[in-house]
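Below is one structure, written out as structure tokens; comments come after it.
The values are calculated or read from the model by the stated rules, or taken from the named source; none is laboratory data. This is a predicted model, so every value here is computed, not measured. Every residue, glycine among them, receives a Cβ derived from its backbone with ideal geometry; neighbour counts consider all protein chains shown.
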Amino acid sequence: MAARPYFSKGITELEELFQQNKGNKAVLEVLEHELKHRDRPKAKELEKATKKCLTELMGNGLPAIPTVSVVTQATAATRQVADNPVHPSRVSVECGHCGEANYVSTLEGVTQHLSCSACKTPYEAVFKYSVLRTKFPPKQAEKPATNYGLIALVLIAITATALFFFKK
């Protein structure tokens, strides 16, 4: 059971789901799997209640699944969530040169040619198979800063020395 169809649900929604499906083994098992990944106190309490309810369903000999239609709906919902993950319409990407945050849309399989909003460095972004890949050009070595004041001072000193010696 690798999929987590209730990943985006809050604890309140999960509690409501538990209350509505106390007799549905399939939904409770998926809920228990989701709660194993959560560490908040309310989630841990709900996980214990879910385990207890599952144990009671298994031990009393009653059918664990009340109706076929409920299971079919739950299974279809689980498949739909697993097959069609919901992605945000855009995500933030840090520039590989200046570190500025830039927004990139999550258009599946489209190569986007973009540039940083701060330093104007061009880059490419591709959102494919639920993974965003960016490609920035390699950084060029920074040129050392030229100290024009020191150069001007040396030239003035050389000119003054030359005038002093050639004036004689």
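Observations on the model:
- Counted as qualifying within the stretch 106-168 are the strands (runs of 3 or more DSSP E) with 2 or more residues that are under 20 Å from residue 96 (Cα atoms) and among the β-branched types (Val, Ile, Thr), namely 131-135.
- Boolean, residue 111 is under 30 Å from residue 88 (Cβ atoms) and touching a residue at least 24 places away in the same chain (Cβ under 8 Å): no
- The stretch 1-47, residues that are outside the structural domain of residue 59 (by TED's automatic domain parsing) and closer than 20 Å to residue 58 by Cβ: 1
- Scanning the stretch 1-27 for residues that are part of a loop (DSSP other than H, G, I, E, B) and either farther than 16 Å from residue 38 by Cβ or of a type in the set (A, V, I, L, M, F, W, C) (or both) yields a count of 8.
- Single condition residue 114 does not satisfy, out of (1) outside the structural domain of residue 98 (by TED's automatic domain parsing); (2) aliphatic (A, V, I, L, M); (3) within 24 Å of the chain's Cα centre (by Cα): (1)
- Some residue of the stretch 144-163 being closer than 30 Å to residue 88 by Cα and free of Cβ contacts under 8 Å to residues at least 24 places away in the same chain: no
- Residue 104 being at pLDDT 80 or above and farther than 14 Å from residue 6 by Cα: yes
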